[in-house]
Amino acid sequence: MIHNITRRTPPTAEELAARQAFFEQGQRDADRINAELMLAGQQQREFERQAALVEATQLSLEQLIAIRSWLQHNP
């Protein structure tokens, strides 16, 4: 059985620095994962929007991209 041992001395400067570094690394990892999830969500919404346009217009995605490009260059 593992007993919970109460520490009676404050953490050393090295231990505090190690804890801070561990916390900061966790924050960086969380921020990176959050950014990846946000990007994946945006990509999924864009794919769904494109699929809806393809279905509604009965045109291919390539045709729709060509139309969009033409419209951008010929206002």
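Values quoted throughout were computed directly from the atomic coordinates according to the rules given, and no laboratory measurement underlies them. Please read all numbers here as calculations on a predicted model, not as lab measurements. Reconstructed Cβ throughout: ideal geometry from the backbone, glycine too, with neighbour counts over all protein chains shown.
Values for this structure:
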{"quantity": "Debye, to nearest 20: dipole size of the chain, +1 on Lys, Arg Cβ, -1 on Asp, Glu Cβ", "calculated": "260"}
{"quantity": "Net length gained if the chain between residue 39 and residue 56 were fully extended (0.36 nm per residue, minus Cα distance)", "calculated": "3.6 nm"}
{"quantity": "Given charges at Cβ of Lys, Arg, Asp, Glu: the chain dipole, positive-most of 59, 12, 75", "calculated": "12"}
{"quantity": "For the chain, calculated [θ]222 nm from helices alone, where every DSSP H run of n ≥ 4 adds -39500 (n - 2.57)", "calculated": "-28000 deg cm²/dmol"}
